[in-house]
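The values are calculated or read from the model by the stated rules, or taken from the named source; none is laboratory data. The shown structure was predicted, so the numbers you read here are calculated from the model rather than taken from an experiment. Note that each Cβ is placed from the backbone with ideal geometry, even for glycine, and that neighbours are counted across all protein chains shown.
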Amino acid sequence: MTFDVVVAHDLNRGIGINNTLPWRCPPDMAHFKTLTTGTSDALSTVIMGRNTWASLPEAFRPLPKRNNIIVSNTLSDLPGALVAPSLNEALLLANPSSNIFVIGGAQLYAEALAHEGCDTLHVTKIFKRCDCDTFFPDYLDRFKCTYASNIWITPTANCAFFQFKPF
Ligand SMILES: NC(=O)c1ccc[n+]([C@@H]2O[C@H](COP(=O)([O-])OP(=O)(O)OC[C@H]3O[C@@H](n4cnc5c(N)ncnc54)[C@H](OP(=O)(O)O)[C@@H]3O)[C@@H](O)[C@H]2O)c1
């Protein structure tokens with residue numbers, strides 16, 4: 001079973017601080033919602049680690065119009081979401097005909113990038129150097145860029161969207 005990875009990282013590959021996002025970037029939020037919600041009949045699946053689930057404001061979890069699967073060995077039950085003890089178990093719970101997205105955080109990304117099912121990385125590059133305590137793994141030795149968008153200019157953070165495929 002294949003899946004995609006979705007991440008926004010800064011110029012140092014930083015992705016988070018204090019279990020939240022280090023920047024405010026409305027175009028990236030819109031891109032994330034459009035990409036992971038999709039338009040096909042089957043609901044998309046988003047797979048995330050326990051900390052990323054906890055980082056979502058309660059009003060936004062589970063992420064609407066998507067099947068939410070949380071990877072955790074300490075949680076057993078969550079309202080509106082499935083819980084799986086590993087990425088492989090999460091993939092087994094996902095609808096195989098849905099689009100499947102691994103959406104973070106760092107611990108889950110590390111396993112996802114090394115997984116044979118990892119098909120595409122959707123990377124938003126944030127053109128800033130932010131104070132971060134959580135980082136996306138180095139990937140340029142394993143993935144090649146297949147798409148790059150124009151740059152979006154915003155008052156708080158400029159960004160661009162990229163896709164990468166495994167070599
Ligand atoms: N910029 C972005 O695109 C982006 C996206 C997502 C998150 N983030 C940021 O990333 C940070 C959170 O990342 P994080 O690395 O601390 O946490 P995380 O990966 O979201 O969650 C870690 C927890 O999830 C479970 N887990 C994760 N990977 C696992 C695996 N391979 N096998 C089994 N269990 C696994 C474990 O839960 P148990 O301890 O319960 O077993 C682990 O303690 C936050 O700052 C968040 O805002 C940024």
Worksheet item: Counting only residues that are touching a residue at least 12 places away in the same chain (Cβ under 8 Å) and over 13 Å from the mean Cα position of the chain (by Cα), which one in segment 26-43 is surrounded by the fewest Cβ atoms within 10 Å (Cβ to Cβ)?
Response: SER40
Discussion item. Just checking, does segment 62-77 include any residue being touching a residue at least 40 places away in the same chain (Cβ under 8 Å) and either hydroxyl-bearing (Ser, Thr, Tyr) or crowded, with 17+ Cβ neighbours inside 10 Å (or both)?
Written reply: no
Worksheet item: Just one of VAL71, VAL83 is aliphatic (A, V, I, L, M), modelled with pLDDT of 95 or more and within 27 Å of PHE167 (Cβ to Cβ); which is it?
Response: VAL71
Item to complete: Taking the options ALA110, ALA81, name whichever one is surrounded by fewer than 21 Cβ atoms within 10 Å (Cβ to Cβ), under 19 Å from PHE135 (Cα atoms) and either without any contact (Cβ under 8 Å) to a residue 24 or more places away in the chain or in contact with a Pro (Cβ under 8 Å, 6 or more places away or on another chain) (or both).
Response: ALA110
Worksheet item: Residues in segment 125-152 that are loosely packed, with under 12 Cβ neighbours inside 10 Å and either within 11 Å of ARG13 (Cβ to Cβ) or among the polar types (S, T, N, Q) (or both): how many?
Response: 5
Worksheet item: When segment 30-44 is examined, which residues are found to be out of contact with any Phe, Trp or Tyr (no Cβ under 7 Å at 6 or more places or on another chain) and under 20 Å from ILE69 (Cα atoms)?
Response: PHE32, LYS33, THR34, LEU35, THR37, GLY38, THR39, SER40, ASP41, ALA42, LEU43
Discussion item. Can you tell me which residue is surrounded by the most Cβ atoms within 10 Å (Cβ to Cβ) among those in segment 89-107 that are of a type in the set (S, T, N, Q) and over 13 Å from ASP4 (Cβ atoms)?
Written reply: GLN107
Worksheet item: Which of the helices (runs of 4 or more DSSP H) contained wholly in segment 1-120 include at least 2 residues that are away from the ligand (no atom under 13 Å from the Cβ)?
Response: 26-37, 87-93
